[in-house]
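The values are calculated or read from the model by the stated rules, or taken from the named source; none is laboratory data. As the structure is a computational prediction, the values presented were derived from the model and not from experiment. We place every Cβ from the backbone using ideal geometry, glycine too, and count neighbours over all the protein chains shown. Please note that ligands, DNA and RNA were not included when accessible areas were found on the heavy atoms of the full protein model with its side chains. Shrake-Rupley method; radii C 1.70, N 1.55, O 1.52, S 1.80 Å.
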Amino acid sequence: MSDDTYWTDDPSELLRVQPGFRLSQQPTDGTPGFAGGKREGEKALARGAGRLADLQEQLFACGREGEPRSVLLVLQAMDTAGKGGIVSHVIGAMNPGGVQYAAFGAPTPEEQAHDFLWRVWREVPAAGRIGVFDRSHYEDVLIGRVRKLAPPDELERRYGAINAFEKELAQSGTTILKVMLHLGKDEQRKRLESRLNRRDKLWKFNPADVDERLHWDDYQEAYQLAFDRTTSAYAPWFVVPADHKWYARVAVQQLLIRALEALGLEWPLPDYDVEEQKRRLAAS
């Protein structure tokens, strides 16, 4: 079971986008449902790492035996919100052999020659795997809307295509978790300044990040529209406050743990006689 030592409420309910949700009303510096600070958060993250790894191995074992189930974690956020930290500190605790990671940047000429979901279909997790999308198909309705890279009628089509894509995945056995790391604009400025002030972080700074800040409100509206159009029972959105990196990490870890536990996985039974194999091994 999930370790609820520091959790006063279920984060999968607290952080889920519900009807009437307004992103503009959500604080970015909160720690909903968690009773503790950074120190307790780090303890919880370390404790949860073992549980998450065990569940992932169980999912992988079931996949090897023909069960179709998989999990897809979609990470979306403004720059510096901490997607890389989630990948390193949460996903990194699992066996990489059972993880399918995909980072979606600007589409290549080949990808542009196809429908926007073509490259995404190629990265969906196989049975028994946990897939991680570092950015995703949502870039095509976020940047696409803010930067006017597609006409309004095409953007409307994409919302419908996304819903159909996610429904098909869910029906085939994939549990979908869509997470938006909700970072404050002031906190982003601090993180960008930190990169500029550290020699070992200059490589992570992109001048285009400052350009994107000029469209901050437009992006918040684009996210809200994405929530309104694509939140569903089979592919829910979760908005995680991200001003505190430690909280974002432990919250996403818990979302994954609870989603895996909800699958009710059991270790597959062997197709051989265990006692016979023990005797054979002893005699070898």
| task | Check ASP211, ASP218 and return the single one that is under 23 Å from the mean Cα position of the chain (by Cα) and either farther than 26 Å from GLN18 by Cα or open to solvent by 40 Å² or more (accessible area, probe 1.4 Å) (or both). | result | ASP218
| message | Pull out all pairs, ordered by first then second residue, where Cβ-Cβ is under 9 Å, the residues are six or more apart or on different chains, the first lies in the stretch 221-242 and is under 23 Å from THR80 (Cβ atoms) and free of Cβ contacts under 8 Å to residues at least 60 places away in the same chain, and the second is of a type outside the set (Gly, Ala, Ser) and open to solvent by less than 10 Å² (accessible area, probe 1.4 Å). | response | GLU221/LEU23
| VAL240: buried (at least 20 other Cβ atoms within 10 Å of the Cβ), modelled with pLDDT of 95 or more and under 14 Å from VAL71 (Cα atoms), yes or no? | no
| task | Can you give me the ranges of the helices (runs of 4 or more DSSP H) entirely in the stretch 194-284 with at least 3 residues that are of a type in the set (A, V, I, L, M)? | result | 216-230, 245-261, 274-283
| note | The residue that is nearest to LEU59 (Cα to Cα), considering only those in the stretch 69-102 that are part of a helix (DSSP H, G or I) and among the β-branched types (Val, Ile, Thr), is ILE91
| request: Starting from the stretch 101-113, take each residue that is surrounded by 14 or more Cβ atoms within 10 Å (Cβ to Cβ) and list its partners that are among the basic types (Lys, Arg), counting only C-beta distances under 6 angstrom and pairs at least six apart or across chains. | output: PHE104/ARG135; GLU111/ARG119
| remark: The number of residues in the stretch 8-36 that are within 19 Å of the chain's Cα centre (by Cα), without any contact (Cβ under 8 Å) to a residue 12 or more places away in the chain and outside any helix (DSSP H, G or I) is 1
| query | What are the residue pairs meeting all of these: first residue in the stretch 115-131, first residue surrounded by 18 or more Cβ atoms within 10 Å (Cβ to Cβ), second residue among the acidic types (Asp, Glu), Cβ atoms under 6 Å, and 6 or more apart or on different chains? | reply | PHE116/ASP140
| said: Taking the conditions exactly as written (open to solvent by less than 80 Å² (accessible area, probe 1.4 Å) and within 24 Å of the chain's Cα centre (by Cα)), does GLN224 satisfy them or not? | reply: yes
| request: Return yes when LEU202 is open to solvent by less than 80 Å² (accessible area, probe 1.4 Å) and touching a residue at least 40 places away in the same chain (Cβ under 8 Å) and no when it is not. | output: no
| request: Those residues that are buried (at least 17 other Cβ atoms within 10 Å of the Cβ), without any contact (Cβ under 8 Å) to a residue 24 or more places away in the chain and of a type in the set (D, E, K, R), I need them from the stretch 132-161; list them, please. | output: none
| query | Which condition breaks for SER232 when tested against (1) hydroxyl-bearing (Ser, Thr, Tyr); (2) under 26 Å from GLY63 (Cβ atoms); (3) open to solvent by 90 Å² or more (accessible area, probe 1.4 Å)? | reply | (3)
| Can you name the number of the only condition in (1) open to solvent by less than 40 Å² (accessible area, probe 1.4 Å); (2) without any contact (Cβ under 8 Å) to a residue 24 or more places away in the chain; (3) aliphatic (A, V, I, L, M) that LEU196 fails? | (1)
| said: I need the full set of residues from the stretch 48-76 which are open to solvent by less than 10 Å² (accessible area, probe 1.4 Å) and among the polar types (S, T, N, Q), in order please. | reply: GLN56, SER70, GLN76
| ALA259 vs. criteria at pLDDT 95 or above and surrounded by 20 or more Cβ atoms within 10 Å (Cβ to Cβ) | no
| query | From GLY144, GLY105, GLY160, which residue is at pLDDT below 95 and either in a helix (DSSP H, G or I) or in contact with a strand residue (DSSP E or B) (Cβ under 7 Å, 6 or more places away or on another chain) (or both)? | reply | GLY144
